[in-house]
Amino acid sequence: MYHNIGIKKRIMKLFACLFCLASIAGVQSSEVFDAYEQQYLATVEFIKETITEILSDDGTDFQPQVRELITLVESQLCPDEDTEDNAECDSGSNWLLGCKCTSEFAGLEGNCKNTPCKVIQHFKDNAPKAMSDFMAANSYEEMLTVAMNVVDEIWRILCECRGVVDATISCARNYDGLVFILSGFDRTNFDEIVNHVDWETARGIVHGYLDAICGEENGEDCPAVLKNWQAVNSRFFDNTFNGVDTCISMIRVEKEAKATMDPMVYEEGMDMESYTDGWVDAYMKIEEKLICDAYCAGEMQELLYSSCCVKRAGERLSTKSMKKKYVKFFENIWSFIYPGEAPELKNAVNRFMQMFRPASFCGAKTDVYREMNKQCNAIKA
């Protein structure tokens, strides 16, 4: 089912653009940026159309059918005290999570056992306002600020209750709920994916990510710092879309962006390893110009690398162990993206992760990142 040629080519082109789309926004004076601008506008429009189907007309509540569904899910995830005290699990009463999953969460310490309930209640109480704020946002920075406020809550739940990661994986691997039976949906595809995924590697990546973002560093609250860092990144999009040619804009890398066009064109039968290495190398030239250009490095460092939390996150996400996990997991899921044996991705991953350590990435081009590293190391000492 994964081998339809038309679908395969579209998936590969989408995958090839993921990293590029993360950094390139549109500018009306360039055909290169125009295409990416349309991609972002289409994505925002899709999100807004989805929101209008979820929210009430005045934007203060869910549509009745959506609220009814949320209430139903809440009744499953937030059982009453009598049900919690009952040692026997009734599959009919626990049709959503199933008995095995319910048992996994019940075994967590303290309030962590109530994590599914906390998540659905947080969504119920806060999603309408977040969606309304997203609809009212006038810039990409405002949109991402809204999104990151939601993500921040999830981060903090996972940072406080790391056992939720293992419990969730166990739920997927041993799902015995009745959703597929009650809905009439065939669970074959679900089982194929669950049985194929390398869950141990996935688990290692998630815990490595949490190691990078959780807690404090030199007195800073890292989840809060990284939430703001993500939102501020979108200032590049706003400046570029508005034609503002500054250091915090993609306009200054238009030449490098144009140079990525040829490496990103995929033709059937191309050597996948060479293709991947080619577009990663082209993309990294954009990042090198953005991060390391001596004229703009000071402003880039002040905006995006002025926190020890950011330094720590970059270092922990780009360790040798983490890079091995990225490669292993991508090779594991390759068959869902494209038929055949996965290409060797070690070089591409190593190259891409270099920018997570800007001091060494930029080398002699600028010393602003090395100075920031020295400050963080001195405080920590």
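The values are calculated or read from the model by the stated rules, or taken from the named source; none is laboratory data. All of these numbers come straight from a predicted model, not from anything done at the bench. Cβ sites come from the backbone with ideal geometry, for glycine too, and all protein chains shown count toward neighbours. Keep in mind that these areas ignore ligands, DNA and RNA; they rest on the heavy atoms of the full protein, side chains included. Shrake-Rupley method; radii C 1.70, N 1.55, O 1.52, S 1.80 Å.
For this structure, a couple of remarks:
- Residues (open to solvent by 50 Å² or more (accessible area, probe 1.4 Å) and more than 20 Å from residue 162 (Cβ to Cβ)) located in segment 118-132: 121, 123, 125, 126, 129
- Residue 109 meets the conditions (1) loosely packed, with under 15 Cβ neighbours inside 10 Å; (2) under 18 Å from residue 173 (Cα atoms) in every case but one. The failed one is (2).
- With respect to being touching a residue at least 40 places away in the same chain (Cβ under 8 Å), out of contact with any Asp or Glu (no Cβ under 8 Å at 6 or more places or on another chain), surrounded by 17 or more Cβ atoms within 10 Å (Cβ to Cβ) and of a type in the set (A, V, I, L, M, F, W, C), residue 241 falls outside the description.
- Residue match in segment 357-364 (condition: of a type outside the set (Gly, Ala, Ser) and either surrounded by fewer than 16 Cβ atoms within 10 Å (Cβ to Cβ) or within 30 Å of residue 192 (Cα to Cα) (or both)): no
- For the residues 338, 305, 295, 326, the requirement of being more than 30 Å from residue 370 (Cα to Cα) and of a type in the set (Phe, Trp, Tyr) singles out 338.
- Within segment 295-305, not a single residue is under 21 Å from residue 201 (Cβ atoms), open to solvent by less than 20 Å² (accessible area, probe 1.4 Å) and part of a helix (DSSP H, G or I).
- Of the helices (runs of 4 or more DSSP H) that lie entirely inside segment 181-237, those containing 3 or more residues that are within 18 Å of the chain's Cα centre (by Cα) and under 26 Å from residue 149 (Cβ atoms) span 199-213, 222-233.
- Criterion applied to 50, 71, 115, 60 was being hydroxyl-bearing (Ser, Thr, Tyr) and either crowded, with 17+ Cβ neighbours inside 10 Å or under 21 Å from residue 158 (Cβ atoms) (or both), and the one residue passing it is 115.
- Residue check for residue 235: open to solvent by 40 Å² or more (accessible area, probe 1.4 Å), of a type outside the set (Phe, Trp, Tyr) and modelled with pLDDT of 95 or more: no
- Test result for residue 313, out of contact with any Gly (no Cβ under 6 Å at 6 or more places or on another chain), farther than 20 Å from residue 257 by Cα and either open to solvent by less than 50 Å² (accessible area, probe 1.4 Å) or of a type in the set (Val, Ile, Thr) (or both): yes
- Cβ separations smaller than 9 Å between residues 6+ apart or across chains give the following pairs from segment 157-180 residues that are farther than 24 Å from residue 198 by Cβ and at pLDDT below 95 to residues that are open to solvent by 40 Å² or more (accessible area, probe 1.4 Å) and assigned to a helix (DSSP H, G or I): 157/118; 157/119; 157/122.
- Set side by side, the residues 374, 328 differ, and just one is open to solvent by 70 Å² or more (accessible area, probe 1.4 Å), farther than 30 Å from residue 192 by Cβ and either under 23 Å from the mean Cα position of the chain (by Cα) or among the basic types (Lys, Arg) (or both), which is 374.
- Among the residues making up segment 224-236, a single one is of a type in the set (Phe, Trp, Tyr) and under 17 Å from residue 296 (Cβ atoms): 236.
- Selection of first residues in segment 54-65 that are at negative phi and of second residues that are β-branched (Val, Ile, Thr), restricted to Cβ pairs under 7 Å at least 6 apart or on distinct chains, gives the following pairs, ordered by first then second residue: 54/66; 62/54; 62/70; 63/54.
- Residue within segment 20-41 that is among the hydroxyl-bearing types (Ser, Thr, Tyr), surrounded by 12 or more Cβ atoms within 10 Å (Cβ to Cβ), in a loop (DSSP other than H, G, I, E, B) and modelled with pLDDT of 85 or more present: no
- Members of segment 264-292 that are open to solvent by 40 Å² or more (accessible area, probe 1.4 Å), closer than 20 Å to residue 354 by Cα and out of contact with any Asp or Glu (no Cβ under 6 Å at 6 or more places or on another chain): 274, 281, 288
- Residues (within 30 Å of residue 299 (Cα to Cα), free of Cβ contacts under 8 Å to residues at least 24 places away in the same chain and assigned to a loop (DSSP other than H, G, I, E, B)) located in segment 328-377: 367
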